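Take a look at the structure below.
The values are calculated or read from the model by the stated rules, or taken from the named source; none is laboratory data. Keep in mind it's a predicted model, so treat the numbers as computed, not measured. Backbone-built Cβ (ideal geometry, glycine too); neighbour counts: all protein chains shown. Areas reflect the complete protein model, heavy atoms only, side chains present, ligands, DNA and RNA absent. Shrake-Rupley method; radii C 1.70, N 1.55, O 1.52, S 1.80 Å.
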Amino acid sequence: MMNYIKSEWYRITRNKDIYFLTGAIAGLCVLMNVILFVSNHTIPDFRYGTVRFSMNLGIGGLQILMMTGAFLAAFLFGNAKQNGTLKNVIAYGVSRKTIFIGECIVCTAVAFCSLAVILAVYIPSALLLLDGPSGKPLQVFFKGVGATLPSAVAAVILAVVLINVFDKAISAVGLWWAIMIAVPQVCFFVGLKFEPIEKAAEWMPWNFLSMGVIANMSRYQCLWDTGEGLFQCLISGAVGILIFLVCGLFLVRKKEL
């Protein structure tokens, strides 16, 4: 297991693509803050050139952590079947179970590293370029990121599961979108008529991150501000991690047969 994890880590960290992807996302974050800075100094009465507004965009869009994690998994492992890498690994006696667990660990670790780099660029650029107090916006932002991370890890694991099950990465991405985004939205609307479905929909990350967060220029009202809401975020993500891991181990074992 450790040898496979080390080999995958070596392969990924020697690939320039991951650095390009991380740099591109970080660059877009800086560009956004630069645009706010320029607008703040060129547009009369521009109200949005503040740290608070920049952080609010992140707070209100934390679902992107889930989407980026899944995209990263497809980016790192989606071509393994097409280029013969997976067949070569199996030929050397590495089981599909080991491959699956190793990919989950490596992909999660790479995602955390990329996130750390992006935040290390995004936040200082906002503090240097934009006006206004930063204490409360940063506090809410970091707490929101922490509350969302378990769901983001679950999204990564689901992506790895589907990539291992399907021969084409596009099929895996499509089903990931259906499970993580489409199904929660359908359950929300069905739940308007059926209370049991409504209760289930409230625990789906895409729904509570979309509807349980208010971040604007006048107030914050976020799910993770309360102990109950933070518990919901963390437990929902942890349950997702457990379910997707168990399903993944079962499915890759069947695939091996």
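Structure above, values below:
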read-out: Model label zone, Leu57; criterion: amide N under 16 Å from point 7 Å along Cα-to-beta-carbon; scope the stretch 206-226; value: 215-217
read-out: Karplus-derived 3J(HN,Hα), 6.51/-1.76/1.60, for each residue of the stretch 5-12, Hz, glycine and proline x; value: 4, 5, 5, 5, 4, 4, 4, 6
read-out: In nm, spacing of pseudo-spin labels at Arg14 and Leu119 (7 Å Cα→C-beta vector); value: 3.1
read-out: Percent accessible area from carbon and sulfur atoms, the chain, protein chains only, probe 1.4 Å; value: 69
read-out: Accessible area, probe 1.4 Å, largest first, for residues Thr98, Thr226; value: Thr226, Thr98
read-out: Built amide H within the under 5 Å cut-off of Asp131, gap 5+; value: Thr50, Val51
read-out: Residue-by-residue Karplus 3J(HN,Hα) for the stretch 163-168, coefficients 6.51, -1.76, 1.60, Hz, glycine and proline x; value: 5, 6, 7, 9, 6, 10
read-out: Straight-distance crosslink candidates among aspartates and glutamates, where the alpha carbon sits under 16 Å from Lys97 and sequence neighbours closer than 8 are dropped; value: Glu8, Glu256
read-out: Whole-angstrom gap from the stretch 47-71 to the stretch 196-213, using each part's C-alpha centre; value: 19
read-out: Residue of Phe208, Phe112, Phe194 that the Gaussian network model of the chain assigns the largest fluctuation, springs spanning Cα pairs under 10 Å; value: Phe194
read-out: Distance histogram in 5 Å bins (all Cα pairs of the stretch 1-42, percent per bin); value: 5, 20, 13, 13, 12, 10, 9, 6, 6, 4, 2, 0
read-out: Degrees separating the helix 227-256 axis from the principal Cα axis of the chain, which is the longest one; value: 20
read-out: Sites Lys97 and Lys193, calculated FRET efficiency, Cβ-Cβ separation with R0 41 Å, nearest 0.05; value: 0.45
read-out: Whole-Hz couplings from phi, Karplus 6.51/-1.76/1.60, listed for the stretch 198-214; x for Gly and Pro; value: 4, 4, 5, 5, 5, 9, 8, x, 4, 6, 6, 6, 7, 10, x, 10, 10
read-out: Sequence of Leu128, Leu175, Leu138 from largest to smallest accessible area, 1.4 Å probe; value: Leu128, Leu175, Leu138
read-out: Accessible area expressed per residue, the chain, with surrounding protein chains retained (probe 1.4 Å, Å²); value: 53
read-out: Qualifying aspartates and glutamates (Cα of each under 13 Å from Cα of Lys143; at least 8 residues distant if same chain); value: Asp225
